[in-house]
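Here the structure comes first, spelled out in structure tokens, and everything after it is commentary.
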Ligand SMILES: *Cc1c(COP(=O)(O)O)cnc(C)c1O
């Protein structure tokens with residue numbers, strides 16, 4: 001089932017990219033597996049998915065630590081709100097942390113990465129929406145980026161953002177364009193925008209990484 005959904009999604013994505021004059025390799029699909037059982041992740045891996053996104057530390061550790069011990073090769077991105085008191089564990093577990101949105105979290109992550117003796121790729125989370133609680137305002141992003149560039153155990157690869165919750169497609173596009181415009185002020189080349197409901201607008205705005213949950217895994221099981 002997952003394999004069929006992934007193939008269908010790849011097909012739609014390739015058509016959208018072609019319509020934008022972009023190459024099929026210009027976008028990475030991150031499978032957002034939050035609330036999905038381990039069996040669903042195994043199925044996704046078997047279908048060829050190699051990048052996963054999780055929002056909660058404990059859940060991510062429970063599901064992905066065993067897979068890593070089995071020797072499976074994948075990239076685990078932390079995309080949930082970054083709490084400073086969990087930053088050290090997240091720094092040791094994740095291959096990329098996409099949700100760095102304030103100096104305090106950056107400092108906590110830097111300490112965690114130093115302790116784990118690793119260079120941790122991170123993205124700066126931008127707030128481009130009145131309906132989104134987290135993220136750094138675009139006007140404040142250069143300052144936070146400067147702080148991140150000074151962290152010797154963090155590597156700032158770009159930005160991540162969540163679109164406004166609205167039925168107005170032009171509002172979604174405008175928000176994504178704001179994120180795209182802010183990327184050069186931050187540095188890096190990763191533009192992590194686009195989810196199941198708004199990935200086409202994100203691709204048109206230049207997304208290089210789509211974070212896709214329900215369109216690949218199906219509806220999240222309710223707890
Ligand atoms: C849950 C989540 C996603 C995936 O959402 P879908 O609508 O299921 O594709 C992407 N990004 C973030 C930050 C999320 O929390």
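With the convex hull built on the Cα atoms of the chain, state its orientation-averaged projected area in nm².
Answer in nm², one decimal: 11.8.
Taking the chain as a Gaussian network, where each spring joins two C-alpha atoms under 10 Å apart, which residue of 108, 39, 87 fluctuates the most?
Looking only at 108, 39, 87, the biggest GNM fluctuation is shown by 39.
Among 142, 130, 184, which one shows the biggest mean-square fluctuation in a GNM of the chain, springs joining Cα atoms closer than 10 Å?
Per the Cα network of the chain with a 10 Å cutoff, 130 tops the list.
So how far apart, in nm, are the two label points at residue 118 and residue 1 if each is 7 Å from Cα heading toward Cβ?
About 3.2 nm, to one decimal.
Under a point spin-label approximation (7 Å from Cα along Cα-to-Cβ), what is the residue 25-residue 178 distance to one decimal in nm?
3.4
Relative to a virtual label point 7 Å from the Cα of residue 81 in the Cα→beta-carbon direction, which members of region 98-123 show backbone nitrogen distances below 15 Å?
99-102, 105
Go ahead and run the numbers for FRET between residue 171 and residue 55, Cβ-Cβ distance against an R0 of 30 Å, rounding to 0.05.
E(calc), rounded to 0.05, equals 0.80.
So how far, in whole Å, is the C-alpha centre of region 36-67 from the one of region 104-157?
After rounding, the separation between the Cα centres reads 24 Å.
Which three extents, in whole angstrom, do the alpha-carbon atoms of region 63-135 cover along their principal axes, largest first?
42, 24, 18
For a quick check, take a GNM of the chain with Cα springs below 10 Å and name the residue from 43, 14, 70 with the largest mean-square fluctuation.
70
Take the alpha carbon atoms of region 3-118, find their radius of gyration, then divide it by 2.2 N^0.38 Å using N residues; give the quotient.
Cα-based Rg divided by the globular estimate yields 1.19.
Just so you know, all these numbers are worked out from the coordinates, no wet-lab data involved. As the structure is a computational prediction, the values presented were derived from the model and not from experiment. Glycine also receives a Cβ, built like all others from the backbone with ideal geometry; neighbour counts cover every protein chain displayed.
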